[in-house]
Amino acid sequence: TPQQALTLLNDPTFVEAARVFAARLLEAQTKSDAARLNLAFEEALARPIRANEEVSLAKFLAAQRAHYEAEGAEARKVLKVGLAPAPTNLDARELAAWTSVARVILNLNETITRY
């Protein structure tokens, strides 16, 4: 149900998992956003990202970057969720933005149900 999905999306363990996933993406050998988005889909869904998904998530990433650039304190809050320490070698705003993207990918019906 939509309520269950919203609960999962905001669960601290889920946010932490998304943050750890985002850190892995940022630390990967690939450097472009498009390559990172594709890597995220390969890792989470075992398939390449589709063009429409890439366009949508690239726009979302840009919006999240702008948000966390303006709201640095919120970025630091995201990085404190959960038990796993946030990497200190990554920019907090960039990691928070990618955490938002990872939350979307990990919350896709395709990711959750693996059909």
| query | Can you spot a residue in the stretch 76-93 that is under 22 Å from Asn107 (Cα atoms) and of a type in the set (Asp, Glu)? | reply | no
| remark: Scanning the stretch 86-115 for residues that are open to solvent by 50 Å² or more (accessible area, probe 1.4 Å) and hydrophobic (A, V, I, L, M, F, W, C), the one nearest to Ala28 (Cα to Cα) turns out to be Val104
| said: For the list (1) part of a helix (DSSP H, G or I); (2) surrounded by fewer than 17 Cβ atoms within 10 Å (Cβ to Cβ); (3) hydrophobic (A, V, I, L, M, F, W, C), I need the number of the one condition that Leu83 fails. | reply: (1)
| request: Of all residues in the stretch 39-63, count the ones that are over 17 Å from Leu95 (Cβ atoms) and open to solvent by less than 50 Å² (accessible area, probe 1.4 Å). | output: 7
| said: For a quick check of your reading of the model, give me the residue pairs whose first member lies in the stretch 87-104 and is closer than 21 Å to Glu42 by Cβ, whose second is of a type in the set (Lys, Arg) and part of a helix (DSSP H, G or I), with beta-carbon atoms closer than 6 Å and at least 6 apart or on different chains. | reply: Ala97/Arg65; Thr99/Arg19
| remark: Counting only residues in the stretch 30-75 that are touching a Leu at 6+ places or on another chain (Cβ under 9 Å) and not in a helix (DSSP H, G or I), the one farthest from Ile105 (Cα to Cα) is identified as Thr30
| Would it be correct to say that Ala66 is of a type in the set (Gly, Ala, Ser), under 21 Å from Asp11 (Cα atoms) and either surrounded by 14 or more Cβ atoms within 10 Å (Cβ to Cβ) or out of contact with any strand residue (DSSP E or B) (no Cβ under 7 Å at 6 or more places or on another chain) (or both)? | no
| Which members of the stretch 15-38 meet the condition of being open to solvent by less than 20 Å² (accessible area, probe 1.4 Å) and among the β-branched types (Val, Ile, Thr)? | Val15
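The values are calculated or read from the model by the stated rules, or taken from the named source; none is laboratory data. Remember, it's a predicted structure, so these values are computed and weren't measured experimentally. No Cβ is skipped: glycine too gets one built from the backbone with ideal geometry, and neighbour counts run over all protein chains shown. Protein only, heavy atoms only, side chains kept; ligands, DNA and RNA dropped before computing areas. Shrake-Rupley method; radii C 1.70, N 1.55, O 1.52, S 1.80 Å.
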